[in-house]
Ligand code: GUN
């Protein structure tokens with residue numbers, strides 16, 4: 001079997017980020033408005049701090065205006081809600097991202113419901129999830145699943161008519177990705193299956209029926225070579241830190257796929273890191289520009 005194509009998410013993401021930067025500059029020229037995104041970080045979760053910092057850097061490089069509000073871990077839920085409401089009402093801010101996870105005493109579902117659907121560049125608000133589900137066009141798709149679809153399209157991997165199996169049923173990845181795959185458009189039109197732990201012993205049988213297999217369950221190295229059909233396209237959404245005594249840091253990042261063995265069987269595969277991860281930020285920038293365009297051009301329209 002020929003060597004698998006290793007899909008370079010970093011390169012594809014960088015291509016998208018260049019396009020967004022150019023489009024944002026054009027938008028600024030035409031409307032005199034710089035897309036603006038507000039990040040809200042509650043507490044001091046080290047991973048969240050890194051994610052938000054990287055999103056800020058990416059926003060800067062895209063020519064966006066951005067700000068990060070850092071709130072103490074013990075902030076009252078009502079205070080966070082007041083802040084979200086004030087950002088919702090600020091006409092100069094087009095995108096709002098509250099980084100998850102939040103401290104236990106704050107109800108994430110309440111936060112998700114409160115973020116204005118127009119500024120919900122994460123695509124988590126139930127109105128955006130519902131619009132995606134019933135096929136309305138004006139939604140924001142969650143960034144990671146949207147990134148998977150875009151990555152396949154830009155790698156020249158045909159999706160139409162293929163059986164896409166997603167292992168994992170999260171609201172962030174599994175469920176929206178299945179809906180995106182099943183949409184009737186040129187980047188999708190696949191037959192989509194959501195597999196999960198409920199499949200029990202049948203899981204391998206289901207994954208072996210996949211032409212496109214997406215691992216999104218958050219279990220390190222769970223997709224082994226025997227679960228993959230020869231020639232399948234394998235997309236790894238997992239990011240897991242595991243102990244590794246040979247590394248100076250004492251740990252390393254691995255995906256949900258046993259990359260070293262599965263790559264010998266797949267026709268194409270995404271690595272971790274450098275696969276789906278960089279696509280998430282690229283799609284966040286795309287959503288933010290879209291949010292700005294929608295908000296500004298709507299205001300500019302005659303009543
Ligand atoms: N935490 C982990 N991933 C994400 C994400 O995509 N968006 C937000 N808001 N929080 C996260």
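Annotations for the structure displayed:
- Distance from the Cα centroid of the stretch 171-224 to that of the stretch 65-139 is 27 Å (rounded to whole angstrom).
- Packing here is the average count of other Cβ atoms within 10 Å per residue, and on that basis the peptides 152-160, 288-296, highest first, run 288-296, 152-160.
- Using a Förster distance of 30 Å, the FRET efficiency for residue 171-residue 247 (Cβ separation, nearest 0.05): 0.35
- FRET efficiency, 1/(1 + (r/R0)^6) with R0 25 Å, evaluated for residue 138 and residue 31 via beta carbons: 0.85
- Model label points for residue 15 and residue 160, set 7 angstrom from Cα along the Cα-to-Cβ axis, are 1.9 nm apart.
- Within a Gaussian network of the chain (alpha carbon springs, distance under 10 Å), most fluctuating of 41, 28, 177: 28
- Springs between Cα atoms under 10 Å define the GNM used for the chain, and in it the highest mean-square fluctuation of 207, 68, 270 occurs at 68.
- Global form of the stretch 77-136, assessed from the alpha-carbon gyration tensor, a/c cut-off 1.5: oblate
- When you work out D = kT/(6 pi eta Rh) for the stretch 144-246 at 10 °C and 1.306 mPa s, using the Kirkwood radius from C-alpha pairs as Rh and the Stokes-Einstein form, the result is 115 µm²/s.
- Note that the stretch 183-303, at 25 °C in a medium of 0.890 mPa s, gets a Stokes-Einstein diffusion coefficient of 146 µm²/s from its Kirkwood radius over C-alpha pairs.
- When the Gaussian network model of the chain links Cα atoms closer than 10 Å, the mean-square fluctuations of 161, 43, 200 top out at 200.
- When all alpha carbon pairs of the chain are counted in 20 Å bins from zero, the resulting P(r) reads 32, 58, 10, 0 %.
- Packing-based exposure ordering (other Cβ within 10 Å, fewest first) of 51, 139, 31: 31, 51, 139
- Rounded to the nearest 500, the helix-only mean residue ellipticity at 222 nm of the chain stands at -12500 deg cm²/dmol, with each DSSP H run of n ≥ 4 adding -39,500 (n - 2.57).
- Cα gyration tensor category, rounded, prolate or oblate, for the stretch 46-97 with a/c compared to 1.5: oblate
- With R₀ fixed at 41 Å, the C-beta to C-beta distance from residue 189 to residue 57 puts the FRET efficiency at about 0.70.
- Dimensionless Rg over Rh [the stretch 81-224; C-alpha; Kirkwood]: 1.02
- Taking the fewest neighbouring Cβ atoms within 10 Å as the starting point, the ordered list for 165, 111, 262 is 111, 262, 165.
- Ascending count of other beta-carbon atoms within 10 Å, so fewest first, for 21, 30: 30, 21
- Counting every pair of alpha carbons in the stretch 1-104, the share spaced more than 23 Å apart comes to 41 percent.
- Distance-filtered residues of the stretch 27-60 - backbone nitrogen under 13 Å, label point 7 angstrom along residue 73 Cα→Cβ: 42-49
- Per residue, the convex hull volume that the Cα atoms of the stretch 124-166 enclose (Å³): 99 Å³
Read-outs throughout are calculated quantities, based only on the coordinates presented, and are distinct from any laboratory measurement. Just so it is clear, the structure is predicted and the values come from calculations on it, not from any experiment. Note that each Cβ is placed from the backbone with ideal geometry, even for glycine, and that neighbours are counted across all protein chains shown.
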